[in-house]
Amino acid sequence: MKIFWWVFLTIPTLIKVAVADNKLPIGEFSRNTLEGWEQKSFKGETIYGLQAIDGVSVLTADSRAAGSGMFKEKRIDLEQTPFLNWSWRIGNRLTGLNEQSKPGDDYAARVYVVVKGGLAFWQTKAINYVWAGNTKKDTVWPNAFAGDHAMMLALRGPEASLNVWQTEKRNVRDDFKKLFGEDITAIDAVAIMTDTDNGGGQAAAAYGDIWFSKD
């Protein structure tokens, strides 16, 4: 299962930090750094690395029948900075998969936000913003492995162009209200994953900087 590896980690204390220039950095890939990011493997290794594309450093991912992700533990106060911002692109689509089934739970690109349940691991919740290969944009469904503890939201679907950067901005607090019916005021981790371990395919993607903002 590729959702809840954070449930066994220590829950950090929520610290209210000053947000400089309306921006709280999470992934500063354009500065050629992966500071604070860790990799977790489920099956095989997706190859992640910093690479210059069009003169800007980004995080690239190459997955060949493998499932591993990059995550960063950071307690984010959604009352201060509810908006998650990032850019991404994919090199190919994963076709022929039923993405609502366990054998088809693979995505060329996805970005997670996670609320940990601590010892009450069953209370862990996650939103997966995914670049779907076979599901229409804006479709929502429960994860095949985690059920309604992890909701999937297709921000991009099969209609999206390949090798073209797309910019995303999501109000995470509002999304938790819509998808879980709860007012979540803080999250504990952000992750990215390009995974092909269930269907045995191949996918390539690139991720630009990730940050939270006030608006």
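The values are calculated or read from the model by the stated rules, or taken from the named source; none is laboratory data. As the structure is a prediction and not an experimental result, all values here were calculated from the model. Cβ sites come from the backbone with ideal geometry, for glycine too, and all protein chains shown count toward neighbours.
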| query | Quick one: how many residues across segment 90-134 are of a type in the set (S, T, N, Q), over 20 Å from Ala160 (Cα atoms) and part of a loop (DSSP other than H, G, I, E, B)? | reply | 2
| query | Taking segment 29-54 as the region of interest, how many residues are assigned to a loop (DSSP other than H, G, I, E, B), farther than 21 Å from Trp131 by Cα and under 15 Å from the mean Cα position of the chain (by Cα)? | reply | 1
| Lys137 vs. criteria in a strand (DSSP E or B), at pLDDT 95 or above and surrounded by fewer than 16 Cβ atoms within 10 Å (Cβ to Cβ) | no
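Quick check, is Asp183 at pLDDT below 95, over 16 Å from Asn134 (Cα atoms) and loosely packed, with under 14 Cβ neighbours inside 10 Å? If you could, list the steps in order and put the result at the bottom.
Values: at pLDDT below 95: no; over 16 Å from Asn134 (Cα atoms): yes; loosely packed, with under 14 Cβ neighbours inside 10 Å: yes.
Against the criterion (at pLDDT below 95, over 16 Å from Asn134 (Cα atoms) and loosely packed, with under 14 Cβ neighbours inside 10 Å), Asp183 does not qualify.
Checking the condition more than 21 Å from Thr185 (Cβ to Cβ), part of a strand (DSSP E or B) and in contact with a helix residue (DSSP H, G or I) (Cβ under 9 Å, 6 or more places away or on another chain), which residue from Ser87, Ser57 passes? Walk me through it before giving the result.
Working: Ser87 fails: in contact with a helix residue (DSSP H, G or I) (Cβ under 9 Å, 6 or more places away or on another chain).
Being more than 21 Å from Thr185 (Cβ to Cβ), part of a strand (DSSP E or B) and in contact with a helix residue (DSSP H, G or I) (Cβ under 9 Å, 6 or more places away or on another chain) holds for just one of Ser87, Ser57, which is Ser57.
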| note | With the first residue restricted to segment 189-204 and required to be farther than 30 Å from Gly117 by Cα, and the second required to be part of a loop (DSSP other than H, G, I, E, B) and of a type in the set (Gly, Ala, Ser), Cβ contacts under 6 Å at 6 or more apart or on different chains are Gly200/Ala65; Ala204/Gly91
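Could you tell me whether Thr194 is part of a strand (DSSP E or B) and surrounded by fewer than 19 Cβ atoms within 10 Å (Cβ to Cβ)?
Working: part of a strand (DSSP E or B): yes; surrounded by fewer than 19 Cβ atoms within 10 Å (Cβ to Cβ): no.
It is false that Thr194 is part of a strand (DSSP E or B) and surrounded by fewer than 19 Cβ atoms within 10 Å (Cβ to Cβ).
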| message | Condition first: among the small types (Gly, Ala, Ser) and either surrounded by 21 or more Cβ atoms within 10 Å (Cβ to Cβ) or closer than 17 Å to Val114 by Cβ (or both). Now tell me which residues in segment 67-90 satisfy that. | response | Gly67, Ser68, Gly69
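Would you please name the residue that is farthest from Ala61 (Cα to Cα), looking only at residues in segment 144-191 that are part of a loop (DSSP other than H, G, I, E, B) and aliphatic (A, V, I, L, M)? Before the answer, list the steps.
Applying the first criterion (part of a loop (DSSP other than H, G, I, E, B)) to segment 144-191 yields 144-146, 157-165, 181-185.
From what is left, the residues that are aliphatic (A, V, I, L, M) are 144, 146, 160, 162, 164, 184.
On the way: Ala144: 23, Ala146: 24, Ala160: 18, Leu162: 15, Val164: 15, Ile184: 30 Å.
Ranking the qualifying residues of segment 144-191, first place goes to Ile184.
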